[in-house]
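Let me begin by presenting the structure, written as structure tokens, before commenting on it.
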Amino acid sequence: MGLRAVVIHPATRLSALLAVLCLACLSTVPLMHWGGDEAIADALYRLQGSRWALRDTWLMSTVIHVWGRNLSAMCWLSVVVAWAMTWTGKPSREWRRPLAYLMVTALLSTVIVSVLKQHTGVDCPWDLQRYGGDRMVLGLFESRPLSMGRAACFPAGHASAGYGWIAAYFALASVRPGWRWWGLGVGLFTGVVFGFGQQIRGAHFFSHDLWTLTLSWLSAAISARIWLMQSATASAEAFRSRHPARQARIATARRATS
């Protein structure tokens, strides 16, 4: 299994990472500069009677926002417990590094988003005059007057509690490849529910969630390339040292077919 695991996952290659980043940048242009964000937010705003009527409802505010955040935190603690249990043999030792990777990376994406949103100075829709607030619209890189106060809405923080679990795709791919799509599905589904729930409340524009998804994917893929691939390489080296005769036969077969 160690030799098979050395194959680098295509999604962690530099070309794939750059492709994801470029796609996000290209998508940002129509959203943030050509009015795409406003068009989506306008539609959600009009559907609620030209106000954020669902902002403080039990479903959106308590279930999706508060309970959703708490659920993500409980899942993270469960991963920590599962990782600690690998030292007892249940789950088996092969899960130790993937669980450690998932534990760190799911938290890392949330931290990255939280730090960035404190420095981007982008307002939430509900703060803007267009949607009943008292602030004018400023672009992502426009200077912010001190009189406007601070803003911390880009990227979307709550969505990172869902999209951070995209890392489960790479964690499962390293030990149970057949389960990896379930991991990806859970991360995407949770991120979409958390993100769209906040858009309906007027807390974020679509582009805010797009960049949270992008940052979560990039941090998961880069961490997997560094962390899980190193583990796979070490496993392969250990396999070679334990089975020198078998490794020699494999090498001879490869030379014969080349």
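The values are calculated or read from the model by the stated rules, or taken from the named source; none is laboratory data. Here the structure is a predicted model, which means the values were calculated and not measured. Glycine gets a Cβ as well: all are built from the backbone with ideal geometry, and neighbour counts include every protein chain shown.
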Point to revise | the range 74-96, residues that are of a type in the set (V, I, T), closer than 19 Å to L107 by Cβ and at pLDDT below 95 | key: T86
Check your understanding: Is there a residue in the range 76-88 that is within 13 Å of the chain's Cα centre (by Cα), crowded, with 16+ Cβ neighbours inside 10 Å and either closer than 14 Å to V175 by Cα or among the small types (G, A, S) (or both)?
Key -> no
Practice item. For residues that are closer than 18 Å to Q129 by Cβ and hydroxyl-bearing (S, T, Y), scanning just the range 19-73, find the one that is surrounded by the fewest Cβ atoms within 10 Å (Cβ to Cβ). Key: S50
Review point. For M74, which of the numbered conditions (1) free of Cβ contacts under 8 Å to residues at least 12 places away in the same chain; (2) more than 19 Å from M103 (Cβ to Cβ) fails to hold?
Key: (2)
Exercise for review: Mind telling me which of the residues P155, P125, P98, P145 ends up being surrounded by 21 or more Cβ atoms within 10 Å (Cβ to Cβ) and more than 30 Å from I226 (Cβ to Cβ)?
Suggested key: P125
Study note, to complete from the structure: Within the range 109-120, of all residues that are of a type outside the set (S, T, N, Q) and surrounded by 20 or more Cβ atoms within 10 Å (Cβ to Cβ), the one farthest from A73 (Cα to Cα) is K117
Review point. In the range 199-208, which residues are crowded, with 24+ Cβ neighbours inside 10 Å, of a type outside the set (D, E, K, R) and either under 16 Å from A161 (Cβ atoms) or in contact with a His (Cβ under 9 Å, 6 or more places away or on another chain) (or both)?
Key: H204, H208
Review point. Does the range 80-123 hold any residues that are among the hydroxyl-bearing types (S, T, Y) and under 17 Å from A220 (Cβ atoms), and which are they?
Key: Y101, T105, S109, T110, S114
Review point. Of all residues in the range 204-228 being among the hydroxyl-bearing types (S, T, Y) and over 14 Å from A173 (Cβ atoms), which is nearest to the chain's Cα centre (by Cα)?
Key: S216
